[in-house]
1. Kindly establish whether residue 274 is touching a helix residue (DSSP H, G or I) at 6+ places or on another chain (Cβ under 8 Å), surrounded by 15 or more Cβ atoms within 10 Å (Cβ to Cβ) and at pLDDT 85 or above.
2. Does the stretch 197-208 include one or more residues that are in the same structural domain as residue 264 (by TED's automatic domain parsing), more than 18 Å from residue 259 (Cα to Cα), in a loop (DSSP other than H, G, I, E, B) and in contact with a strand residue (DSSP E or B) (Cβ under 7 Å, 6 or more places away or on another chain)?
3. Can you work out which of the residues in the stretch 49-64 that are assigned to a loop (DSSP other than H, G, I, E, B) and modelled with pLDDT under 95 is surrounded by the most Cβ atoms within 10 Å (Cβ to Cβ)?
4. So for the stretch 244-259 (the condition being over 25 Å from residue 167 (Cβ atoms) and either assigned to a helix (DSSP H, G or I) or under 21 Å from the mean Cα position of the chain (by Cα) (or both)), does at least one residue qualify?
5. Any idea which of 116, 106 is modelled with pLDDT of 90 or more, at positive phi and outside the structural domain of residue 260 (by TED's automatic domain parsing)?
6. Restricting attention to the stretch 260-281, report how many residues are under 17 Å from the mean Cα position of the chain (by Cα) and outside any strand (DSSP E or B).
7. Residue 153 versus (1) more than 30 Å from residue 65 (Cβ to Cβ); (2) under 19 Å from the mean Cα position of the chain (by Cα); (3) surrounded by fewer than 23 Cβ atoms within 10 Å (Cβ to Cβ): which is the lone unmet condition?
8. Test residue 52 against the stated conditions and say whether it is free of Cβ contacts under 8 Å to residues at least 40 places away in the same chain and under 27 Å from residue 376 (Cα atoms).
């Protein structure tokens, strides 16, 4: 039986006394691709109990908002911790003296609530020795399925459409399956075999020729993909592909790659250039096993890159299905998004070459949230997420209610 996350050595553990701070910390954990990290509701006493029963994490975040003697409480924490632990303190008191005392006691940072993603991430990076590199190119989003048919193509096409048409980003959808790729069908465009020609000829790679092989879907959305002859195949020149990717990252704000699961050189280059990974899963042991292996691989080869996990077949009922809790126990982290199973709508959209997100509905709502996550726009939604999870509401419903209230007030 797989160990639960609480039984494994932790990279980070946080104890905070409000759900908004807890959600912000979870957001940053996800952004930084931190395996075996968790945020809990709790206080100094809970942190002490945890340290007494478990190995010290590399980074500990504690909330001193309700502490009468925060410096003394931090000293107690240090007594039960390993010498190399890094402690980040959060609290509600905005006092220079407290900040200086905590820093003098060896605390990495003291952050005044409400927490923000950027400041918290900076503190964690300082605690772990990670340097934050500034991106000067467009971002590459690498989308893959843990098992065949888990929905990578659906997410690539629909998140790409949302980025271009609702977030107004110049976006490229790129299909790396030269044998059986179907991303073009969801966008109602044809494949371009000239794309395969330049992949075999590095001397053809330049800005102008690259523009000629792109298929325009909408004003800001483009598609790039080709299907090779099944007998001949395609002999991709690795230098040509790397040069192409370098040019494309300068031309687009976002590139979404519909990737194959094998570790060929094209996928390796794409993964190296990726800024974010989206793993599509389904609630089976096979998917859980593959996801756990992928997370381990990514933590070694591509650490400090965001990973988003999406369950694309929620509602699947079969002999091989497992619970969401069991799945998360195997992989050692949370599933970020759950898409309701609606094969009728999905197939209908694919048959007419129209992205699902053109129409409103539960699937569109989830894909819209994934898009915001790709953009890094989850910080301002922390309070809404905490409320919606508790009350069974959605972000859009709460947002619409706010707008309706404002409109009623303005009409008075």
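The values are calculated or read from the model by the stated rules, or taken from the named source; none is laboratory data. Model, not experiment: these values are computed from the prediction. As a convention, Cβ positions derive from the backbone with ideal geometry for all residues, glycine included, and neighbour counts pool all protein chains shown.
1. Details: touching a helix residue (DSSP H, G or I) at 6+ places or on another chain (Cβ under 8 Å): no; surrounded by 15 or more Cβ atoms within 10 Å (Cβ to Cβ): yes; at pLDDT 85 or above: yes.
So residue 274 does not fit the description; no.
2. Of the residues in the stretch 197-208, the ones in the same structural domain as residue 264 (by TED's automatic domain parsing) are 197-208.
Pick out the ones that are also more than 18 Å from residue 259 (Cα to Cα) and you get 197-198, 200-208.
Narrowing further to those that are in a loop (DSSP other than H, G, I, E, B): 200-201, 205-206.
Those left that are additionally in contact with a strand residue (DSSP E or B) (Cβ under 7 Å, 6 or more places away or on another chain): none.
The answer is no; no qualifying residue exists.
3. The initial filter retains those residues of the stretch 49-64 that are assigned to a loop (DSSP other than H, G, I, E, B), namely 54-58, 64.
Next cut, modelled with pLDDT under 95 only: 54-58.
Details: 54: 14, 55: 10, 56: 19, 57: 23, 58: 19.
Ranking the qualifying residues of the stretch 49-64, first place goes to 57.
4. Residues of the stretch 244-259 that are over 25 Å from residue 167 (Cβ atoms), as a first pass: none.
No.
5. Exactly one residue qualifies, and that residue is 106.
6. First pass over the stretch 260-281, keeping only residues under 17 Å from the mean Cα position of the chain (by Cα): 270-281.
Going one step further and asking which of them are outside any strand (DSSP E or B), we end up with 270-275.
Count: 6.
7. With respect to (1) more than 30 Å from residue 65 (Cβ to Cβ); (2) under 19 Å from the mean Cα position of the chain (by Cα); (3) surrounded by fewer than 23 Cβ atoms within 10 Å (Cβ to Cβ), residue 153 is out only on (3).
8. On the way: free of Cβ contacts under 8 Å to residues at least 40 places away in the same chain: yes; under 27 Å from residue 376 (Cα atoms): no.
No: the conditions fail for residue 52.
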